[in-house]
1. Taking chain A as the reference, fit the longest principal axis to its C-alpha atoms, fit the long axis of helix A:164-177 to the helix C-alpha atoms, and give the angle between the two in degrees, 0 to 90, nearest 10.
2. Please tell me the relative contact order of region A:80-199 in percent, rounded to the nearest whole number, where contacts are Cα pairs under 8 Å and at least six residues apart.
3. Of the candidates A:91, A:173, A:117, which one comes out as most mobile in a Gaussian network treatment of chain A with C-alpha springs shorter than 10 Å?
4. What relative contact order, as a whole-number percentage, does region A:1-160 give when Cα pairs under 8 Å and 6 or more residues apart are counted?
5. Just to confirm the number: angle between the C-alpha axis of helix A:82-92 and the first principal axis of chain A, 0 to 90 degrees, nearest 10?
6. What is the calculated FRET efficiency for residue A:166 to residue B:58, with r their C-beta to C-beta distance and R₀ = 25 Å, to the nearest 0.05?
7. Counting alpha carbon pairs within less than 8 Å and at least 6 residues apart, what relative contact order, in whole percent, applies to region A:2-92?
8. Using the per-residue mean of other Cβ atoms lying within 10 Å as a proxy for protection, in what order, highest first, do the peptides B:88-99, A:156-167 fall?
């Protein structure tokens, strides 16, 4: 059994225990592994391995928990989707993922005597705040993904490595000019949210 | 996790559910254990219903914004969404699910928002 970590077109061999299996200019980076219990530690380990690989090469991260029987099975899977994976790799080349969450500081409304109109305008107010943050940040990103969630905004941005600092300082400035909001920006992450097929 | 924080509010509390987010991420799959299959199914169904609710809500807000609805229609829409919100919360509680449990990764469906 082997566990997959990343897909790359960089010829640099990974450090042991990681190995590469290649097919037509692309490689899957993997390590021998046993299926094990899913724990936070195991997830973070996977994340650290991918991040270290990312420091030295352009890659598509493979999501945690992807096991195949042996390297030839990995090579076969790679060969079957070669062009699609090469296109996905080009899509994220030179960029990292930054995650942004925003919440608004206000007492929970949820007043049962509230009118339908008030309810909708409170919702509209929240949406306008979310748009305000997203509309400022999205021009700095190549792509973005908005996710449903209980927060005001939960988004992932694909940002050029060179633009990360600029992006983060914009988040800080937004935070300063909007004390009613709480903005959390994390990263840089491997581009998990952008590693699939292009939309 | 701390070293991944690039910018944060002075007090991280608004995001305190994040502290358990990793555990949630790990369990964020439908539980097919026969003993809890009902809960797993409820989680999947409620996730989809919640997504639809959010999509419909956005659509409604756009229509209100467009100004083509009467006062009465806006009031009725608002009451409907308020009621839906309440019912969903009750159902969630009935199955012992948190808001975060309704964030199953629905793949391309989840990007409809």
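1. The two axes meet at around 20 degrees.
2. On the way: 149 pairs, mean separation 54.9, N = 120.
Rounded, it is 46 percent for region A:80-199.
3. Evaluated over chain A, the most mobile residue of the options is A:117.
4. On the way: 215 pairs, mean separation 36.3, N = 160.
Result for region A:1-160 is 23 percent.
5. 40
6. Working from the Cβ atoms, E equals 0.25.
7. Working: 129 pairs, mean separation 35.5, N = 91.
For region A:2-92, the relative contact order is 39 percent.
8. Result, highest mean first: A:156-167, B:88-99.
Values in this text are rule-based calculations from the coordinates and carry no lab data. Nothing here was measured: the structure is a model prediction, and the numbers come from that model. Reconstructed Cβ throughout: ideal geometry from the backbone, glycine too, with neighbour counts over all protein chains shown.
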